[in-house]
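Just below is one structure, and these are the notes that go with it.
The values are calculated or read from the model by the stated rules, or taken from the named source; none is laboratory data. Note that the coordinates shown come from a computational prediction; the quantities given were computed from them, not determined experimentally. All Cβ positions, glycine included, derive from the backbone under ideal geometry; neighbour counts span all protein chains shown.
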Amino acid sequence: MLKKIGAGFLFLSAVSSSFGAAYKIPEQSQRSMGTAAAYFAGADYADANYYNPSNMVFMENKTFIEFGSRYIYLPSVKFEGKAADPVTKSFQIADAKTKEEHFLIPYFHVVFRGSENLRWGLSLVTPAGLSKRWSDEKQISTAEEFTLKVFELNSSVAFKVSEKFSIAGGIRGIYASGKIKYRYEPAYKVNMDGDSGYRFGYNLSATLRPTNNLTISTAYRSKVNIKIEGDASGYLYDPLSSTTYPIAVGGHVIVPIPAELRVGTAYRWKSTIFELTYEKTYWSSYKILDIQFNNSTIDSQLGQPKDKYWRDSESVRLGIRHKFSEKLTGMFGIAYDETPIPERTLGFELPDSNAWLFSIGGIYNLSNKLELGLSYLYVTKIERNINTPPNENGIDGKFSDLTAHLVNLSVGYKF
């Protein structure tokens, strides 16, 4: 039964939203959500600090600010099939649905007024996380609730090398917290909470403008390992002695925020900007999960590293921004997003698969300084079959109805 404690820390490293590949959330601004996160090479507002800081020196020399909030609705995910009983290891019918999820997540971007060749920006975003909850007996034995929140404070400086070329670099400070619940009464019940201190990484970008209408950019975000420390409470039942033992143990696990590479181009034709972005996320660095416990007895039983062996994932994104008038700009986007998670890793806490994303949005200028934005993103993930033996995830069935709806509302100001 002690292995169930280890499973909790394992799942903490794999909690995800239901719309990004694994636990990644790429849409962090109005223009990004309106273009299905294709917004990159053409970044030209306050969010350029986060998406492509090397573009900041090509922007009008003013201070740009964007405040926004995303409403996220995750409908129920459906599972049809069988799951292994955690005690007997025999497969049993486990048809079920997750609970619906609702979230409201704010963000902030600013690019400060600078000199002709030097600009500075700051962003506060949530690049990963969200939650998954089940209420049916077979699922709650491993995944009653899994919640992860990741916050990033990103600061970048850009330098114009020439009228056609610029570079930028910055520091990423990342903090995470999580909550886990699972139970199989009367055998065990575990509640866990954990958080981390700040961990730091970096970001680099470069932009080339061979013509006034064409922009080519690349950007790299470094891997950041988050150490989440937590405490577990609950109980374990020993059938041999008919004794219930309370759980009170601490431990930690390293959660990777993987490195990411982006390459993209933006082309302006009259009143329209077309953007094509290729994105690679280096999930393959997540090969082994090493759980360490403060209690030596528990650690001796549960401290063995567990293979993960995720794959690098790729995304292709196409976005369009069209200026209908001096006041109104429309946005459209489509993207294909791969999952990095192999079948043997897939579980109830993370029902993930390849996805298609479709978006639409608009920005209305109330004046030459003030704008309001509204966008909508729909995500549909491909049904995924899974068949893993009882000594691994122990699931034989199909996940379906993997969808998400996101609405973003923002206020932008420049002065």
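Per-structure values
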| read-out | value |
| --- | --- |
| First in segment 127-155 and closer than 17 Å to residue 188 by Cβ, second anywhere and of a type in the set (Asp, Glu), Cβ under 7 Å, 6 or more apart | 134/144; 142/349; 143/349; 146/349 |
| Subset of segment 108-152 (residues that are outside any strand (DSSP E or B) and within 26 Å of residue 183 (Cβ to Cβ)) | 135, 136, 137, 138, 139, 140, 141, 142, 143, 144 |
| Residue 164 vs. criteria under 30 Å from residue 396 (Cβ atoms) and among the basic types (Lys, Arg) | no |
| Count of segment 63-91 residues which are in a loop (DSSP other than H, G, I, E, B) and surrounded by fewer than 21 Cβ atoms within 10 Å (Cβ to Cβ) | 9 |
| Strands (runs of 3 or more DSSP E) wholly inside segment 243-288 containing at least 2 residues that are small (Gly, Ala, Ser), modelled with pLDDT of 80 or more and surrounded by fewer than 20 Cβ atoms within 10 Å (Cβ to Cβ) | 243-257 |
| Scan of segment 213-242 for residues that are at pLDDT below 95, farther than 16 Å from residue 174 by Cα and aliphatic (A, V, I, L, M), ordered by number | 232, 236, 240 |
| Filter result (closer than 14 Å to residue 74 by Cα and either touching a Pro at 6+ places or on another chain (Cβ under 6 Å) or in a loop (DSSP other than H, G, I, E, B) (or both)) within segment 92-106 | 99, 100 |
| Per-region count, segment 207-217, residues surrounded by 19 or more Cβ atoms within 10 Å (Cβ to Cβ) and either under 21 Å from residue 154 (Cβ atoms) or under 28 Å from the mean Cα position of the chain (by Cα) (or both) | 3 |
| Residue within segment 22-41 that is in a strand (DSSP E or B), of a type in the set (Asp, Glu) and either over 25 Å from the mean Cα position of the chain (by Cα) or surrounded by 23 or more Cβ atoms within 10 Å (Cβ to Cβ) (or both) present | no |
| Scan of segment 64-91 for residues that are modelled with pLDDT of 95 or more and in contact with a Pro (Cβ under 8 Å, 6 or more places away or on another chain), ordered by number | 67, 68, 69 |
| Members of segment 330-344 that are of a type in the set (Ser, Thr, Tyr) and either crowded, with 22+ Cβ neighbours inside 10 Å or in contact with a helix residue (DSSP H, G or I) (Cβ under 9 Å, 6 or more places away or on another chain) (or both) | 339 |
| Every residue from segment 199-232 that is under 19 Å from residue 41 (Cα atoms), in contact with a Ser or Thr (Cβ under 9 Å, 6 or more places away or on another chain) and not in a strand (DSSP E or B) | 209 |
